[in-house]
Amino acid sequence: MDHLVVVTGGPGSGKTTLIDHLAGLGHARTEEAGRAVIRDQREIDGPGLAWRDDALFAELMLAWEIRSHREAAALPGPVFCDRGVPDTVGYLLLRGLPVPPHAEAAARRFRYRPTVFVAPPWPEIFTGDAERHQSQEEARRTYDAMLEVYPRFGYAPVELPRVPVAERARFVLETLAEEDPGSGHRT
């Protein structure tokens, strides 16, 4: 699954903005599970919100990520994934919850390109919104959790530079092209 490229990190670090920019350049993308689950659960006043039931929220995110992986795997690449299955394991660790064997199994089974781009905390651009209730401190802890969990599953994190979105996109595309010069990645 080398054509599935994960962009992860803490909330408010520019991940989705980067992926939106890459999509504007013609690349396929996935939607972030956490935001989608929150939106869906709010619409139905469901119990699967992080502030109501962390474990259920994690299960819903895991199911979303697995479905997103399957859909993205069928697309030509690269496909930029707004987080990945291992993010759910990182979320559970961050929240101090046990990681069930099926979540570990999913993170091992549903694979992405070995290079994972990690957006570092960036206080200057951090903002909250309807789906993002985390503090900057929690954003930093999320970033740390992703740096811990992705290598655990055999991935190599690459920190994104804190630069304007077009430069970040160029960095990502050039990194991918350097890893696989014959891949035809568009820059």
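Things worth noting here:
- Close contacts from the range 73-84, counting a first residue that is within 13 Å of Thr115 (Cα to Cα) and a second that is part of a strand (DSSP E or B) and of a type in the set (Lys, Arg), with Cβ to Cβ under 6 Å and a gap of 6+ residues or different chains, come to Phe80/Arg29.
- Residues of the range 144-159 satisfying the condition of being in contact with a strand residue (DSSP E or B) (Cβ under 7 Å, 6 or more places away or on another chain), among the hydrophobic types (A, V, I, L, M, F, W, C) and at pLDDT 95 or above: Ala156, Val158
- Filter result (under 9 Å from the mean Cα position of the chain (by Cα) and among the β-branched types (Val, Ile, Thr)) within the range 1-15: Val6, Val7, Thr8
- In the range 115-139, the qualifying residues are those that are closer than 18 Å to Thr17 by Cα and part of a helix (DSSP H, G or I), and the one that is modelled with the lowest pLDDT is Gln136.
- Candidate set: the range 2-15, residues that are in contact with a strand residue (DSSP E or B) (Cβ under 8 Å, 6 or more places away or on another chain) and more than 26 Å from Gly96 (Cα to Cα); chosen: the one surrounded by the most Cβ atoms within 10 Å (Cβ to Cβ): Val5
- Test: residue in the range 175-186 that is modelled with pLDDT under 90, of a type in the set (S, T, N, Q) and not in a helix (DSSP H, G or I): yes
To keep it simple, each residue is scored yes or no on (1) buried (at least 22 other Cβ atoms within 10 Å of the Cβ); (2) without any contact (Cβ under 8 Å) to a residue 60 or more places away in the chain; (3) under 30 Å from Phe171 (Cα atoms).
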position	(1), (2), (3)
Arg35	no, no, yes
Asp40	no, yes, no
Asp53	no, yes, no
Val89	yes, no, yes
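- Residue identified as closer than 30 Å to Asp180 by Cβ, surrounded by fewer than 21 Cβ atoms within 10 Å (Cβ to Cβ) and in contact with a Lys or Arg (Cβ under 8 Å, 6 or more places away or on another chain) among Leu75, Leu25, Leu18, Leu49: Leu25
- Scope the range 144-161; condition of a type in the set (Val, Ile, Thr) and farther than 9 Å from Val116 by Cα; matching residues: Val149
The values are calculated or read from the model by the stated rules, or taken from the named source; none is laboratory data. All values derive from a computational prediction rather than experimental measurement. Quick reminder, even Gly has a Cβ in these numbers, built from the backbone with ideal geometry, and neighbours come from all protein chains shown.
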